[in-house]
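Colleague: This structure is in structure tokens; I'll ask about it shortly.
The values are calculated or read from the model by the stated rules, or taken from the named source; none is laboratory data. Remember, predicted model here, so these are calculated numbers, not experimental data. When we count neighbours, we look across all protein chains shown, and the Cβ atoms used for this are built from the backbone with ideal geometry, even at glycine.
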Amino acid sequence: MTNKLSDKDKKDWQNFIDSSEKLQSKDVDHANNQIILEKSIDLHGFTLEEANKQIFEFIDNCYLNKVKKVNVITGKGMRSKNLDDPYQSKDLGILKYSVPEYIKNNPELMNKIIKIDFESVNSPSKGNFDIFLKTIK
């Protein structure tokens, strides 16, 4: 691969910059002119407090933007340091279990949610789960 841009590439780039044509939003299905209905968030590496804050803001934003399905990636908790500390819960200290519990126990979030896929949460082979959001009335 070369780091040099060809004259054609430079010309194409200049034409793009000079153009008043708008880029299509990647969050819209342009064939049906509908907002894409699914978004994901990856909580790997977050502390429990950070993950709860992030998931609250993410769900709230998705709800306001009429997203129907949220995929939450927590990881399986296989490398969690909580297993080394006998004073911490083996179950609820891991994001995989604690994030869905936080959501379930938060009335403000639950008012926006139809369903949390607890089958995926409880599956030892999955490190993610889905949340299905209500539609704004």
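Colleague: Note down all Cβ pairs under 7 Å where the first residue falls in region 37-49 and is in contact (Cβ under 8 Å) with a residue 24 or more places away in the chain and closer than 22 Å to Val67 by Cα, the second is among the hydroxyl-bearing types (Ser, Thr, Tyr) and in a loop (DSSP other than H, G, I, E, B), and they're at least six residues apart or on different chains.
Modeller: Final answer for the pair search is Leu43/Thr74.
Colleague: Right, here's the next one. For region 105-115, how many residues are loosely packed, with under 14 Cβ neighbours inside 10 Å and either closer than 13 Å to Asp130 by Cα or among the polar types (S, T, N, Q) (or both)?
Modeller: Going through region 105-115 one residue at a time, the tally reaches 4.
Colleague: Same structure, new question: Please go through region 120-137 and give me each residue that is surrounded by fewer than 17 Cβ atoms within 10 Å (Cβ to Cβ) and either of a type in the set (Phe, Trp, Tyr) or at pLDDT 90 or above (or both), ordered by number.
Modeller: Asp130, Phe132, Lys134
Colleague: Which residue out of Leu109, Leu23, Leu95 is over 22 Å from Ser125 (Cβ atoms) and modelled with pLDDT under 90?
Modeller: Leu23
Colleague: In region 99-136, which residues are in a strand (DSSP E or B), in contact with a helix residue (DSSP H, G or I) (Cβ under 6 Å, 6 or more places away or on another chain) and farther than 21 Å from Glu50 by Cβ?
Modeller: Passing the criteria: only Leu133.
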